[in-house]
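One structure is given here, and the rest of the page talks about it.
Readers should treat all values here as calculations from the given coordinates under stated rules, not as data from a laboratory. For clarity, every value in this text was computed on a predicted model and none was experimentally measured. FYI the Cβ positions are ideal-geometry reconstructions off the backbone, even for glycines, and counts take in every protein chain you see.
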Amino acid sequence: MNRDLHKISQYSSGFQETRWATQDEIKSSATRVDLSDDKFTGCGLPLIANTKRIYLDDSDTHSLIIGSTGSKKTRLFCMPMVHTMINAGESFVVTDPKGEIYDATSGLAQENGYDVVLLNYRDLEQGDMWNPLKEPALLYKQGHIDEATSMLNDFVEAISMEASMRTNDVFWVNSARMISVAVLLIMMDVCSFDEINVKTFSRMCVEFGKVEDPVTNKMLEIPESEWEKNYLDEIMKIIPQESIAALNYFAVGRSHEKTRADMQSSLFAFVKPFLLQRRLIRNLSETTFDIRSIGRKKTAIYIVVPDERSTYHFIVTSFVKQCYELLITEAQKETTKSLPVRVNFVLDEFSNTPAISDMPAMITAARSRNIRFYLVVQSMHQLFKRYNQDAETIKGNCENWVFLASKELNLLEELSKMCGNTRTYEPHEIQRPLITVSELQKLKKDKGEALLFYARHYPFVTHLPDISEYGFTQKPPAVSNNIRQDDVNSIGPRELFEEIECGRRPVPFAGLL
């Protein structure tokens with residue numbers, strides 16, 4: 001009985017509610033790696049570090065890193081984490097807005113036997129290529145219709161997210177999404193592999209109707225010879241009317257002319273990045289690496305995407321979701337239902353890219369599949385704006401929190417409350433926050449100070465070296481893949497209709513129910 005009383009006595013009013021964790025307590029459950037070792041025994045979020053060794057979290061937990069612009073999120077956390085992953089032989093996918101992580105670590109990764117992939121959307125003449133429609137096409141043509149359709153829906157969701165956030169009337173966006181899915185299913189059935197790309201998709205979507213370009217206010221250029229027919233309509237008329245494509249298309253395609261024009265405006269917003277940028281179409285027309293092998297052999301994927309404009313942000317969303325789903329499929333093939341090589345997603349500017357559909361479910365299921373997420377955000381406001389109520393689930397599934405700097409009052413108050421209150425009893429009981437809102441704003445950037453909520457330890461303020469102080473091996477950046485085809489093989493709706501009509505291509509089933 002006395003033993004039971006002792007167990008609960010720590011929660012009574014006479015005991016301190018909270019305190020700071022000690023270095024020894026943090027170190028006791030962390031993994032120590034010595035920087036002089038050729039290979040590390042673990043990798044992950046740095047907790048305590050100096051120029052000789054790092055104590056880090058090698059567990060399967062996810063982490064949330066919060067810091068306003070210029071708070072050194074990349075230099076204190078992202079870059080050291082990537083270095084430890086390379087030295088530990090784990091795969092990673094890292095969003096790298098400036099390309100600095102690639103410059104600093106890709107050469108070392110290549111020397112250590114990694115397959116290095118660079119998706120470079122700052123310089124479309126450099127790096128690898130990724131076709132977001134390749135894997136869905138492979139699944140579709142292998143008979144996995146449901147899986148392929150789900151992946152196509154994810155792609156449409158990503159390219160339409162910005163349009164949906166700019167309007168209060170989502171009817172037009174949802175209608176355009178239905179048209180997009182119908183078009184993609186037609187392509188899966190009747191196009192060859194090299195024709196299944198965003199160029200063919202864009203040409204098919206433009207056929208839905210003529211509409212003014214909101215930028216130039218000029219009509220889209222459609223040859224006069226094609227004005228007498230809408231060939232996308234003609235294709236839809238000859239496919240089975242109970243197919244998924246027909247049901248999606250004719251639910252909206254038979255609308256009044258004005259309604260149809262409004263739908264086309266939303267549809268044009270989806271494909272506009274492809275229509276205006278030939279080099280982007282080229283980079284999304286082919287895949288130059290094996291996306292399914294990331295969890296089977298050491299692979300480093302760097303996604304360099306400009307953070308100063310949102311034009312290419314949908315690519316990050318599309319790639320992360322597709323990559324994750326394929327990794328889950330690969331994990332299911334293993335007897336352990338877990339990937340042989342752990343995959344780490346280090347997602348900088350996480351709340352600036354379009355929301356990843358099913359992210360709460362993804363982050364929940366990832367741990368048992370040997371997948372970890374590091375979500376780097378500028379503010380909680382951005383996270384909630386992007387993910388709405390799903391943000392709470394995302395936050396709750398990140399056992400590690402890191403705070404560097406913010407002027408966001410709600411966040412500061414939340415962190416202060418999470419740290420708890422201390423008590424003094426003389427001359428009478430006084431409660432005080434362990435750390436106040438004001439003190440949270442005074443963490444010293446030049447000393448690498450950061451507030452940590454690590455696992456179930458008490459809160460801890462750490463002091464981390466800048467990446468330049470670690471002495472990690474420096475190598476020139478990996479030589480990137482520069483293979484580019486001169487043009488993209490695609491097919492337009494008129495040619496496709498004529499070839500179906502004369503029997504040179506099969507009548508599409510388009511996801512027949």
Fill in the blank from the handout: Low-density loop trypsin sites (Lys or Arg not before Pro), segment 242-314, at most 13 other Cβ within 10 Å, DSSP non-H/G/I/E/B, are R254, R309
Problem - Nearest 10 degrees, 0 to 90: helix 145-165 Cα axis against the chain principal axis - result: 80 degrees
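So what's the net charge close to S351: Lys and Arg +1, Asp and Glu -1, counting the other residues with Cβ under 9 Å from its Cβ? Numbers along the way, then the final one.
Working: positive: K385, R386; negative: E349.
Taking every Cβ under 9 Å from that of S351, the sum is +1.
What trypsin sites (Lys or Arg not before Pro) in segment 405-513 are in a loop by DSSP, with at most 12 other Cβ atoms within 10 Å of the Cβ? Don't jump to the answer; show the numbers that get you there.
Numbers: sites: K407, K417, R423, K442, K444, K445, K447, R456, R484, R494, R504; in loops: K407, K442, K444, R456, R484, R504.
Sparse-neighbourhood loop trypsin sites (Lys or Arg not before Pro): K407, K442, K444, R456, R504.
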Fill in the blank from the handout: In terms of the alpha carbon gyration tensor, root eigenvalues a ≥ b ≥ c, rounded if a/c is under 1.5 and otherwise prolate when a/b exceeds b/c or oblate, segment 232-340 is oblate
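Which net charge results when you count Lys and Arg as +1 and Asp and Glu as -1 among the other residues whose beta-carbon is under 12 Å from that of S59?
Cβ neighbours under 12 Å give a net charge of 0.
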Handout entry: Whole-Å semi-axes of the ellipsoid equivalent to the chain (Cα gyration tensor, √5λ, descending)
Key = 48, 26, 21
Exercise for the section: Please work out the C-alpha center-to-center distance from segment 339-412 to segment 128-160 and express it in whole Å. Expected result: 24 Å
Practice task
Indicate, rounded to the nearest 5 percent, the antiparallel portion of the DSSP beta bridges found entirely in the chain.
Solution key: 45 percent
Problem - Residue pairs, from the table K72/K445; K72/K442; K297/K333; K98/K445; K134/K199, whose Cα atoms sit over 18 Å apart - result: K98/K445
Problem - 0 to 90° range, to nearest 10: angle between helix 171-190 axis and the chain longest Cα axis - result: 70 degrees
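In square nanometres, what is one fourth of the surface area of the convex hull spanned by the alpha carbons of segment 393-483?
Working: hull surface 43.1 nm².
With the hull built on Cα positions only, its mean projection is 10.8 nm².
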